[in-house]
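Asker: Before we start, here is the structure in question, set down as structure tokens.
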Amino acid sequence: MSFSLFAIFYFLIIRPQQKQQEEHTKMLQELKKGDVVLTNGGLIVEITKVEETFFTVKNIDGTTMRVSKSFINSKWED
């Protein structure tokens, strides 16, 4: 009984989260200069420089900032 409960838990909760994390990590690795991304804070910014753990990004008003890669939510598609 407990094994089947664990199996259901794994396939409904754990595995989808692992798959989503793998896709997010792959997306972060493929980002390059000129890509437009959405941050976890809701900012839509353009990548101007790719570093090991950070991106340098440009906001719509021209200001630049460094953002941790873990703070990137998704690639922005218009």
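Asker: Considering only residues that are in contact with an Asp or Glu (Cβ under 7 Å, 6 or more places away or on another chain) and open to solvent by less than 70 Å² (accessible area, probe 1.4 Å), which ones fall in segment 54-65? Let's see the steps before the verdict.
Answerer: Initially, segment 54-65 is screened for residues in contact with an Asp or Glu (Cβ under 7 Å, 6 or more places away or on another chain), giving 57-58.
Across segment 54-65, the qualifying residue is only Val57.
Matching residues to (1) exposed (fewer than 12 other Cβ atoms within 10 Å of the Cβ); (2) more than 15 Å from the chain's Cα centre (by Cα):
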{"position": "Phe6", "(1), (2)": "yes, yes"}
{"position": "Gln20", "(1), (2)": "yes, no"}
{"position": "Met27", "(1), (2)": "no, no"}
{"position": "Asp35", "(1), (2)": "no, no"}
{"position": "Leu38", "(1), (2)": "no, no"}
{"position": "Leu43", "(1), (2)": "no, no"}
{"position": "Glu52", "(1), (2)": "yes, no"}
{"position": "Val67", "(1), (2)": "no, no"}
{"position": "Glu77", "(1), (2)": "yes, no"}
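Asker: Now, a different point. What pairs come out if I take residues in segment 12-29 that are hydrophobic (A, V, I, L, M, F, W, C) and pair them with residues that are surrounded by 11 or more Cβ atoms within 10 Å (Cβ to Cβ) whose C-beta lies under 8 Å away, six or more apart or interchain?
Answerer: Listed pairs, sorted by first residue: Met27/Ser74; Met27/Lys75; Leu28/Lys69; Leu28/Ile72.
The values are calculated or read from the model by the stated rules, or taken from the named source; none is laboratory data. Computed from a prediction, not measured in an experiment: that's the story for all the values here. Cβ: placed from backbone, ideal geometry, glycine included. Neighbour counts: every protein chain shown. Each accessible area value is taken on the protein alone, full model and side chains, heavy atoms only, with ligands, DNA and RNA left out. Shrake-Rupley method; radii C 1.70, N 1.55, O 1.52, S 1.80 Å.
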